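The values are calculated or read from the model by the stated rules, or taken from the named source; none is laboratory data. Computed from a predicted structure; not experimentally measured. Reconstructed Cβ throughout: ideal geometry from the backbone, glycine too, with neighbour counts over all protein chains shown. Just so you know, the surface numbers come from the protein's heavy atoms only, side chains and all, with ligands and any DNA or RNA stripped out. Shrake-Rupley method; radii C 1.70, N 1.55, O 1.52, S 1.80 Å.
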Amino acid sequence: MTRTKYSPPEWHPDEVAFLQHQNVITEQSPLGAAERVKERWIHNTLREVFLTSNGYVLKRYTHYPGRKDYRKVWSREHNALVRLPDLPVPKSLGFVKVAHQPGTTSVLHLRTMLEGAPVQWSPNGDMQRLARLLSAFHKHRVVTLDPQQENFIRLDQSTGELGFIDLGRARVFGGTTPLMLVNVGKELARLSIEGGLSPEQFQLFLSHYQNEADLTPFQQRVVRASLRYWLKRHARKLKKKQSKQRG
């Protein structure tokens, strides 16, 4: 689906009222001045991201007739962020759902902007900081499932403190269950694949993570087994893709 078939809807009065209630819209920062920095179509769903001049991020998900993407990304992110109020992540201010016309709805998720710089991993010190950050999420029963390098930011250049900015894929658990531990292993595998770490850095990260996570020996075995499974699964898919390209 492309923009030639559907265009983004106008702001709904209920969206405007929601933003006014949160003091996002002011005379100094009108809604029309918000900068749209991302636009992406997925299965008849338009995902937009806006930045305001007074420090907010507006994530808008507009669903058109025939959509096939039923993931409640806004709910996942909100539920994860409210679990992490004292950690270096944005603050979620909730979301609102509106109907523009029959078959077309939007969900607007509002959160604060976490300021920082893109991360270039240092050889050693960052691995302990990274392990401390992810283990803190996991102790709060939150698994991000999206540890791409671009989702980490440098909050302070002098201390090297790290932050995390996108929890749209996150999962929240009621306890440190085997299912959660399997997802932790999946997250660590994705960190190895998408996190921008060298193999040596990843191994150093793992050693720090083991010290920071406070897992029992059994829980550690579950995480390691899950990590090995997802890494092998990725290797098989990569090998199959390369074989097709050669053929």
message: For the list (1) charged (D, E, K, R); (2) more than 14 Å from residue 119 (Cα to Cα); (3) open to solvent by 50 Å² or more (accessible area, probe 1.4 Å), I need the number of the one condition that residue 187 fails.
response: (3)
message: Can you report the number of residues in segment 212-245 which are open to solvent by 100 Å² or more (accessible area, probe 1.4 Å) and of a type in the set (S, T, N, Q)?
response: 1
task: Can you give me the number of residues within segment 63-97 that are at pLDDT below 95, closer than 17 Å to residue 164 by Cα and in contact with a strand residue (DSSP E or B) (Cβ under 7 Å, 6 or more places away or on another chain)?
output: 1
- prompt: Can you tell me which residue in segment 52-108 is farthest from residue 22 (Cα to Cα), limited to those that are open to solvent by 40 Å² or more (accessible area, probe 1.4 Å) and part of a helix (DSSP H, G or I)?
  reply: 76
message: What pairs come out if I take residues in segment 5-23 that are on the phi < 0 side of the Ramachandran plot and pair them with residues that are crowded, with 17+ Cβ neighbours inside 10 Å and part of a helix (DSSP H, G or I) whose C-beta lies under 9 Å away, six or more apart or interchain?
response: 11/19
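How many residues are open to solvent by 40 Å² or more (accessible area, probe 1.4 Å) and not in a loop (DSSP other than H, G, I, E, B) if we restrict to segment 109-129? Walk me through it before giving the result.
Residues of segment 109-129 open to solvent by 40 Å² or more (accessible area, probe 1.4 Å): 113-116, 118, 120, 123-124, 128-129.
Subset that is not in a loop (DSSP other than H, G, I, E, B): 118, 128-129.
Number satisfying all stated conditions: 3.
Are there any helices (runs of 4 or more DSSP H) wholly within segment 142-247 with 3 or more residues that are charged (D, E, K, R), and if so which? Spell out the reasoning first.
Working: elements: 178-194, 199-213, 217-246.
Once the helices (runs of 4 or more DSSP H) in segment 142-247 are filtered for at least 3 residues that are charged (D, E, K, R), what remains is 178-194, 217-246.
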Contacts under 6 angstrom Cβ, first residue in segment 59-70 being closer than 11 Å to residue 100 by Cβ, partner of a type in the set (Phe, Trp, Tyr), 6 or more apart: 64/6
